[in-house]
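Notes for the one structure printed next.
Quick note: the coordinates plus some simple rules give every number you see, no bench work behind them. Being a predicted model, the structure only gives us computed values, none of them experimental. Cβ placement follows ideal geometry from the backbone for every residue including glycine, while neighbour counts extend to all protein chains displayed.
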Amino acid sequence: MSQAKYNRIVLKLSGEALAGEEGFGINPSIIKSVAEQVKAVYELGVEIAVVVGGGNIWRGKIGSEMGMDRAAADYMGMLATVMNSLALQDSLENIGVQTRVQTSIEMRQVAEPYIRRKAVRHLEKKRVVIFAAGTGNPYFSTDTTAALRAAEIEADVILMAKNNVDGVYNADPKLVPDAVKYETLTYIDVLKDGLAVMDSTASSLCMDNDIPLIVFSITEEGNIKRAVTGENIGTIVKGK
């Protein structure tokens, strides 16, 4: 049986990863696949927290480009992450994985409010904790949420699962056929070269708290488990 390299992880899922090829909404087969991959890691005894984006339903940036107030557009994006989180919770519990959804914006009828100590206690009891509604503040991305929550719960690593790329490249591999994939990077490299890994706030937070990041593709079945067991997939970002 494979041994886990990390005891406590934060899994960052983009909203787009749940949409599949449709690009919008929640694809039932995709979310079921993600849930099964999470269960495979859960069965290794790993403590798992998940941060889900909302881009498959709404993107705050698009709203602001339409002329909406940026804060209102961002709050709509936070609500989209709650919808994705509840869908993932349902998929996980359907296959026997205990979960809790915690939201940064209180909505007690559907989820617990985010309380750090309570989140840690859930993890210690081997429940998957899904952090929804971002940081609860506009102007911050779900990448920043993942970095912040990872620091708060003292996670060993952030796993950033992408649906359209299998690591970090020096250029967009869809536009530049000979783009070079990095095996390892430092956060200083990411910030200095403006690489599209996560936003600068999230990168700085990870760097300041010495939290490693693994960027990999979610589309290949079993990749979450491979990342947790230390297989060389994707790109590792760490250190200063």
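Under a cut-off of 19 Å between alpha-carbon atoms, report the aspartates and glutamates in cross-link reach of Lys39, not counting same-chain residues fewer than 8 places apart.
Straight-distance partners of Lys39: Glu47, Asp90, Glu93, Glu124, Asp156, Glu220, Glu221, Glu231.
Once amide H atoms are built 1.01 Å from N in the peptide plane, which residues 5 or more positions from Val101, or in another chain, come under 5 Å H to H?
Amide H neighbours of Val101, under 5 Å, 5+ apart: Glu112, Ile130.
Test of understanding: ordering Leu44, Leu13 by Cβ neighbours within 10 Å, fewest first, what list do you get?
Least to most surrounded, the residues fall as Leu44, Leu13.
Nearest-5 percent of antiparallel DSSP beta bridges in the chain?
The answer is about 15 percent antiparallel.
Which cross-chain or sequence-distant (5 or more) residues have an amide H under 5 Å from the amide H of Asn164, H modelled 1.01 Å from N in plane?
Under 5 Å from the amide H of Asn164 lies no amide H from a residue far enough along the sequence or on another chain.
Once fully extended, how much extra length lies between Asn164 and Phe24, figured as 0.36 nm per residue of separation less the alpha-carbon to alpha-carbon distance?
Result for the pair: 49.0 nm of gain on full extension.
Under a straight-distance cross-link criterion of Cα-Cα below 30 Å, which lysines are reachable from Lys32, leaving out those fewer than 8 residues away in the same chain?
Straight-line reach from Lys32, under 30 Å: Lys5, Lys12, Lys61, Lys118, Lys125, Lys126, Lys162, Lys174, Lys181, Lys225.
Would you mind classifying the stretch 8-238 by shape? Square roots of the alpha carbon gyration tensor eigenvalues, ordered a ≥ b ≥ c; an a/c under 1.5 is rounded, otherwise it is prolate if a/b is larger than b/c and oblate if not.
It comes out rounded by the Cα gyration axes.
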